[in-house]
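Below you'll find the structure, written out as structure tokens, and then a few comments.
The values are calculated or read from the model by the stated rules, or taken from the named source; none is laboratory data. None of the values given here were measured: they were computed from a predicted structure. Cβ placement follows ideal geometry from the backbone for every residue including glycine, while neighbour counts extend to all protein chains displayed. For the accessible areas, the whole protein counts, side chains as well, though only heavy atoms, and no ligand, DNA or RNA atoms are used. Shrake-Rupley method; radii C 1.70, N 1.55, O 1.52, S 1.80 Å.
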Amino acid sequence: QLQEVALQVAKVYLLLDLARQQIQAALGEIAVPCLWFKGSVLAPAIYAHPALRPMGDLDFLVPYAQREEALAAVEALRYVRQPDDLFGDVRHHYHLVGGKAGLIHVELHYWLLGRDHSELLPEYQMRWFWSQTQEVEAAPGDTLLTFTPEAHLLYLCAHALLQHGEARMRLLHFLDLHYLVSRNALDWDLFVN
């Protein structure tokens, strides 16, 4: 049973990674910066093998001012906005489904936390997150823009508590945090600041 689950996770990872490459290329063609976070970049960056990190969707961030261009580019790849995404700007991302056999879920973020948390993440702090980036190699010749470990850790902590809540946190969330901390030399002064 464990082998079957591992094989299924590996298959999903390959589908999601192919979709990520296509989305990244489409956004690159229109010069929209694309920052990958959560599973799409944690899997290849901090796990022993990317297929060891189960994922349900792809999360990426684009600048707020270019969100509509990014949305049009992803829709041109035959992704469709979902009914739960009718409120658009009131939220912090667009939810789309498409890709191979219509199985790929994408969250195109233009803000990191929901607008109801705007007091926790005002615009100047969003600019700070955009300044805390680095490139990681997902595979030879395949480079992703992502957060620095400190910025990613801050985001993951906030996301886990604000989006999921303490009662709904999964072991996967804790494992992401553990690997992020234990496999990087973090600047703890920056993190605390």
Mind listing just one residue for me: the one in segment 99-127 that is surrounded by 13 or more Cβ atoms within 10 Å (Cβ to Cβ) and of a type in the set (A, V, I, L, M, F, W, C) and, of those, farthest from the chain's Cα centre (by Cα)? L121
List every residue pair whose Cβ atoms sit under 8 Å apart, with the two residues 6 or more apart in sequence or on different chains, where the first one lies in segment 166-181 and is open to solvent by 100 Å² or more (accessible area, probe 1.4 Å) and the second, anywhere, is assigned to a helix (DSSP H, G or I). R170/H164
Pick out the one residue from T133, T143 that is under 17 Å from W111 (Cβ atoms) and touching a strand residue (DSSP E or B) at 6+ places or on another chain (Cβ under 6 Å). T133
Conditions (1) free of Cβ contacts under 8 Å to residues at least 40 places away in the same chain; (2) within 18 Å of L162 (Cβ to Cβ); number of the one not met by A101: (2)
Please find, within segment 25-64, the residue that is most open to solvent (accessible area, probe 1.4 Å) out of those that are farther than 12 Å from F147 by Cβ, of a type in the set (A, V, I, L, M, F, W, C) and outside any helix (DSSP H, G or I). A48
Give the residues of segment 39-77 that are among the basic types (K, R) and modelled with pLDDT of 95 or more, sorted by residue number. R67
Every listed condition ((1) more than 19 Å from the chain's Cα centre (by Cα); (2) open to solvent by 60 Å² or more (accessible area, probe 1.4 Å)) holds for L162 save (1)
Taking segment 129-154 and keeping residues exposed (fewer than 13 other Cβ atoms within 10 Å of the Cβ) and part of a helix (DSSP H, G or I) leaves S131
The residue that is nearest to the chain's Cα centre (by Cα), considering only those in segment 1-24 that are of a type in the set (S, T, N, Q), open to solvent by 70 Å² or more (accessible area, probe 1.4 Å) and closer than 19 Å to L103 by Cα, is Q21
